[in-house]
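Values quoted throughout were computed directly from the atomic coordinates according to the rules given, and no laboratory measurement underlies them. In this text the structure is predicted, and so the values were computed from the model without any measurement. Virtual Cβ from ideal backbone geometry, glycine too; neighbours counted across all protein chains shown.
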Amino acid sequence: MKLLLIEDEPRMADALKELFRQEGYDVDCFFRGDDGLDALCSGQYDGVILDVMLPGLSGVEVAARSRKAGIRTPILMLTAKGELDDKVLGLDAGADDYLTKPFQPRELLARVRALCRRGMPLTDDRLCAGDLALDVKSLTLQCVATGQSVHLSEKECRVLEYLIANRGRLLSKEQMAVKIWGYENEAEYNKVEVYISFARKKLAFVGSQVEIKVVRGAGYELRWDCG
């Protein structure tokens, strides 16, 4: 799971990066609001931790401009203790949640997990990859080459949705468990393999050339022959 951290205080930024990396997150950090906004608008992140007071652009401006640009990545805003106006402005600008400084690391991690569980906002109900078309609203998977389609369970759809949205990226079992089930306990962790197997069967049923590849010890990746 990939996080964007926009925080201008170097010591705080280093501490947060280390905290997130210890929890298995991939973290990019920017110290200026304008640079952070450019990164956010790339659309490659699962969640954003955004400070209010930043050089270049304020956190409120970053949130507002990203929402205006159509970016729906979940945003957790960090605010000064007791500054109600910052909280209200941040939420009105498009932030999904806020946390006041100082905060406990456990609470921050819990907020980030909750934030990233909110799912991948879509501008369309249809996702495409190779010869596949996934309709997340009707839970239907279609192979455009064969014309075959099949109905998916809700979790099968979430698995394929996450893989398609992150095509070209290697996704670990832990990332998928947290993103789809929202938990990191062993029971949910083991379900990933089960639903990967179900999804593969659906790909075979519709006759797709798209495959879910396993990289041993690393995770899963959606692949297909572009030719």
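Near Tyr98, the amide H atoms lying under 5 Å from its own belong to Met77; only residues 5 or more places off or on other chains count, and H is placed 1.01 Å from N. To the nearest ten degrees, helix 154-165 and the longest principal axis of the Cα atoms of the chain are 70 degrees apart.
Close amide H partners of Val210, meaning residues 5 or more places away or on another chain with modelled amide H under 5 Å apart, are Asp131. Using the Karplus relation 6.51 cos²θ - 1.76 cosθ + 1.60 with θ = phi - 60°, the per-residue 3J(HN,Hα) values for segment 21-28 come to 5, 5, 8, x, 7, 8, 10, 10 Hz, with x marking Gly and Pro. Remark: segment 2-62 carries a charge dipole of roughly 100 debye about the Cα centre, counting +1 on each Lys and Arg Cβ and -1 on each Asp and Glu Cβ.
Out of all DSSP beta bridges with both ends in the chain, state the antiparallel percent to the nearest 5. Spell out each step's value before the answer.
Details: 17 of 35 bridges.
The antiparallel proportion sits near 50 percent.
This model, with +1 at the C-beta of Lys and Arg and -1 at the C-beta of Asp and Glu, gives the chain a dipole about its Cα centre of some 720 debye. In order along segment 129-146, phi translates into HN-Hα couplings of 7, x, 9, 9, 9, 10, 9, 6, 7, 9, 6, 10, 10, 10, 9, 5, 6, 9 Hz, rounded to whole numbers, per the Karplus curve 6.51 cos²θ - 1.76 cosθ + 1.60 with θ = phi - 60° and x for Gly and Pro. To the nearest 10 degrees, how steep is helix 84-93 against the longest Cα principal axis of the chain, on a 0 to 90 scale? Roughly 30 degrees, rounded to the nearest 10.
What's the angle, to the nearest 10 degrees (0 to 90), between helix 186-206's Cα axis and the longest principal axis of the chain? Rounded to the nearest ten degrees, it is 50.
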